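This report refers to the structure that appears directly beneath it.
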Amino acid sequence: MTGFAGPTLEVRDLKTHFFTRGGVVKAVDGVSFEIGKGRILGLVGESGSGKSITGFSILGLVDPPGRVVEGEIRFKGENLVDQPEERLRAIRGNRIAMIFQDPMMTLNPVLRIDTQMIEAVQAHHSVSADDARQRARDALGRVGIPSPDERLKAYPHQFSGGMRQRVAIAIALLNNPELIIADEPTTALDVTIQGQILYEVQKLCRETGTSLIWITHDLSVVAGLADRICVMYAGKLAESGPVDDVLDRPLHPYTKGLLGSVPSRNRRGSPLAQIPGMTPSLMSLPDGCAFADRCPRAQGDCRQAVPPMAEILPGRLARCIRPHLEDQA
Amino acid sequence: MTVFMVRRLMQSVVVLLVMSVIVFLGVFAIGNPVDILISPDADQLERERAIRALGLDRPLWEQYFVFLANAAKGDLGRSFVFNEPALRLIFERMPATLELAGTAVVLSLVVGIPLGLYAGLKPQAATSKGIMAGSIVGFSLPTFWQGLMFIMVFAVMLGWLPSTGRGQIGTFLGIRSSLFTLDGLAHVILPAVNLALGNAALIIRLTRAGVRETLLQDYIKFARAKGLSHRRVVGVHVLRNILIPLVTVVGLEIAGLIAFAVVTESIFAWPGMGKLIIDSINQLDRPVMVAYLMMIVLLFIVINLIVDVLYSVIDPRVRLQDVKG
């Protein structure tokens with residue numbers, strides 16, 4: 001795969017909808033972004049904003065009644081949308097790997113760690129079980145699991161949460177993927193463990209040139225990790241740009257609201273800022289900006305048409321007709 | 001593990017004792033065997049002699065302790081009717097029942113698991129809906145009626161299969177069974193299918209429910225995200241997890257099939273334990289009834305123990321230890 005100069009992954013106008021009995025849920029509705037080789041993209045949003053579904057869409061793992069209805073997912077130039085299952089299977093876990101949110105749930109409880117790692121190698125490479133075991137052991141070593149030989153023979157319940165997530169990361173690393181999609185992998189962990197894992201993942205990506213999509217609702221996590229950040233709201237991107245610019249001087253009122261809700265950024269004693277109202281139902285979105293009802297800056301025209309994603313400052317896009325330009329230096 | 005086993009054995013002894021009391025009382029309540037065993041023409045003297053010979057003149061509690069003392073020596077009494085040790089009578093009939101129940105279990109697993117898997121993996125397909133509807137029918141049909149229908153259709157109308165008896169018995173590796181001859185196989189089909197049908201329906205429903213639930217788990221999605229083939233995800237990741245509920249139910253089903261093959265054995269004149277127990281109930285042959293019921297209790301205890309041990313093999317999270325109550 002050398003010689004490909006474009007971005008590792010390019011998502012164009014991705015739409016993933018769920019066709020339920022109650023109506024069509026537009027979980028992902030026109031999301032676009034790209035990631036270069038070795039770069040880290042933070043995909044941020046509240047629960048239900050569609051960030052996880054975006055991750056699953058890339059791997060072709062959206063379960064019915066959901067499916068990708070529109071858009072392109074170009075991985076090294078190859079469009080993954082509507083590829084036959086066998087082609088996707090060959091890419092999954094091999095060239096694009098995924099790490100899930102809850103480490104207590106991602107490993108099969110009745111299979112030993114070595115079984116679960118060896119099968120991941122052998123799904124993509126015709127190597128002997130011994131060679132596969134060797135690779136599994138190396139991968140466990142790389143994520144900092146002590147005495148990997150012994151641990152390979154253990155079952156998932158014999159590991160702590162942090163250790164299980166390391167195992168899951170080791171599994172993701174097994175086949176040296178070009179892209180890793182990490183879906184809130186540290187949310188369920190202690191803060192100290194979270195820090196270690198962040199550090200290690202960042203280091204591994206830098207060493208191997210692996211691109212990374214880090215899906216999270218936690219802005220403080222992406223702050224120190226990502227190069228660029230995409231903020232999602234109600235299935236659409238609200239804002240995207242370089243991580244420092246977006247976090248220091250957000251353009252979109254939603255991003256600003258999110259940042260205001262982080263406790264550490266508030267002065268002690270003053271009430272915690274919060275975004276009023278609730279995320280709108282994805283089944284019946286308003287005509288205009290989906291955030292308008294919760295937005296302090298919204299006016300009549302905000303409710304008339306969905307604002308386009310526009311480049312408001314160089315390299316910085318926002319879906320807002322009244323961005324926070326006054327904050328910009 | 002050892003502590004678990006020792007405790008378990010002690011519990012089993014208690015269960016056996018309690019059951020023996022219940023069985024003894026129950027059997028006593030059914031009726032007086034003297035009325036059936038002794039010809040009505042017999043005079044008072046003969047009657048009393050017979051009653052004394054059977055030990056029925058003594059009070060119930062005394063009869064019970066005599067029974068217990070003998071049982072401890074492995075003697076569960078002699079049949080009033082055949083004048084043979086009750087245990088020997090039961091053991092003579094046991095192979096026929098085991099053969100029938102074993103065939104039925106294998107049949108229900110071989111049919112039930114694949115159909116359940118299919119229905120679980122493709123819940124929307126018309127075939128799956130057909131399978132599930134069929135399983136309700138299989139579940140609800142009364143065994144006796146279903147057996148009679150089988151006989152009517154396959155033995156009487158079509159004449160394909162024999163409807164009574166065990167058929168020719170062959171010997172293989174020192175085991176005598178009708179499964180080793182063609183004639184025997186032909187004889188076992190109808191009763192085994194009759195016995196298996198309800199269980200197969202249960203296993204279909206259980207497997208389907210297990211598959212539906214397991215498929216939603218994160219570890220299945222993660223397995224797919226690893227790029228495993230569909231076959232591997234279903235065959236290893238899903239199947240290993242649904243084995244856990246299956247083993248419990250199948251264990252109990254085996255015991256149930258052996259114990260309650262009575263109806264099927266009666267309909268197909270299968271010379272097994274079930275027929276023996278029916279006959280002995282009709283003749284109020286107390287020792288045989290008691291011995292049979294005690295054997296069944298023992299069977300349930302043993303099978304439950306096996307299921308528990310199997311659990312710890314299938315599910316690594318299970319440790320064999322006592323739950324402090």
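Rule-based calculations on the coordinates, nothing more; no lab input. Since the model is a prediction, treat every value here as computed from it, not as a measurement. Every residue, glycine as well, gets a Cβ built from its backbone with ideal geometry; the counts of neighbours run over all protein chains shown.
Amide H to amide H, with H built 1.01 Å from N, B:GLU84 comes under 5 Å of B:SER79, counting only residues 5 or more places away or on other chains. Taking all Cα pairs closer than 8 Å and separated by 6 or more residues, the relative contact order of segment B:1-137 comes to 9 percent.
Please work out the Cα center distance from segment A:19-74 to segment B:13-91, rounded to the nearest Å. So the separation of the two Cα centres works out to 76 Å. Cross-link partners for B:LYS226 among the lysines, with Cα-Cα distance under 23 Å and sequence neighbours closer than 8 places in the same chain left out: A:LYS37, A:LYS51, A:LYS76, A:LYS153, A:LYS203, B:LYS122. Would you mind telling me which residue in A:ARG39, A:ARG74, A:ARG21 has the biggest mean-square fluctuation in a Gaussian network model of chain A, where springs connect alpha carbons within a distance under 10 angstrom? Maximum fluctuation in the GNM of chain A, among the listed residues, is at A:ARG21. The A:ASP149 and A:THR20 beta-carbon pair, evaluated with R₀ = 56 Å, returns a calculated FRET efficiency of approximately 0.70. Kirkwood analysis of the Cα pair distances in the protein assembly as shown returns a hydrodynamic radius of 30.3 Å. The mean count of C-beta atoms from other chains within 10 Å of the C-beta of residues in A:169-175, rounded to a whole number, is 1.
Go ahead and run the numbers for FRET between A:ASP138 and B:PHE91, Cβ-Cβ distance against an R0 of 60 Å, rounding to 0.05. Let's see the in-between values first.
On the way: r = 59 Å, r/R0 = 0.99.
Working from the Cβ atoms, E equals 0.50.
Counting only DSSP beta bridges whose two residues both lie in the protein assembly as shown, roughly 65 percent are antiparallel.
What shape does segment B:92-271 take by its C-alpha gyration tensor, where a ≥ b ≥ c are the square roots of the eigenvalues and a/c under 1.5 counts as rounded, a/b above b/c as prolate, and the rest as oblate? Because a/c hits 1.5 or more and a/b exceeds b/c, segment B:92-271 counts as prolate.
Report summary: the helix-based calculation at 222 nm, which adds -39500 (n - 2.57) for every DSSP H run with n ≥ 4 and divides by the residues of chain A, gives -8500 deg cm²/dmol.
Annotation: amide H-H contacts under 5 Å for B:THR181 (H modelled 1.01 Å from N, sequence separation of 5 or more, or interchain): B:GLY170.
Between segment A:286-329 and segment B:175-234, what is the C-alpha centre distance in whole Å? Result: 57 Å between the Cα centres. Per residue, the Cα convex hull of chain B amounts to 194 Å³. Once the C-beta distance of A:GLN274 and B:ALA133 is scaled by a Förster radius of 45 Å, the resulting FRET efficiency is 0.30 to the nearest 0.05.
Determine the sum of side-chain charges near A:VAL31: Lys and Arg each +1, Asp and Glu each -1, restricted to other residues whose C-beta is under 13 angstrom from that of A:VAL31. All intermediate terms of the calculation are to be shown ahead of the outcome.
On the way: positive: A:ARG12, A:LYS15, A:LYS26, A:LYS51, A:LYS236, A:ARG319; negative: A:GLU10, A:ASP13, A:ASP29, A:GLU34, A:GLU70, A:GLU72, A:GLU239.
Neighbour charge sum, excluding A:VAL31 itself: -1.
With N counted as the residues of segment B:187-282, its alpha-carbon radius of gyration over 2.2 N^0.38 Å works out to 1.54.
When every alpha-carbon pair in segment B:5-44 is counted, what percent end up more than 17 Å apart?
Value for segment B:5-44 (Cα pairs over 17 Å): 55 percent.
Can you sort B:MET10, B:MET289 so the residue with the fewest Cβ neighbours within 10 Å comes first? Show your work: numbers first, answer last.
On the way: B:MET10 10, B:MET289 24.
Ranked by crowding around the Cβ, least crowded first: B:MET10, B:MET289.
Per the Kirkwood formula applied to alpha carbons, chain A shows a radius of gyration over Rh ratio, Rg over Rh, of 0.98.
Taking θ as phi - 60° and the Karplus parameters 6.51, -1.76 and 1.60, the scalar couplings of segment B:67-78 work out to 4, 4, 4, 5, 4, 4, 8, x, 10, 9, x, 10 Hz in sequence order, x denoting glycine and proline.
Please arrange B:LEU216, B:LEU239 by counting, for each residue, the other beta carbons lying within 10 Å of its beta carbon, fewest first. Walk me through the numbers before you get to the answer.
Details: B:LEU216 9, B:LEU239 18.
Least crowded to most crowded, the residues run B:LEU216, B:LEU239.
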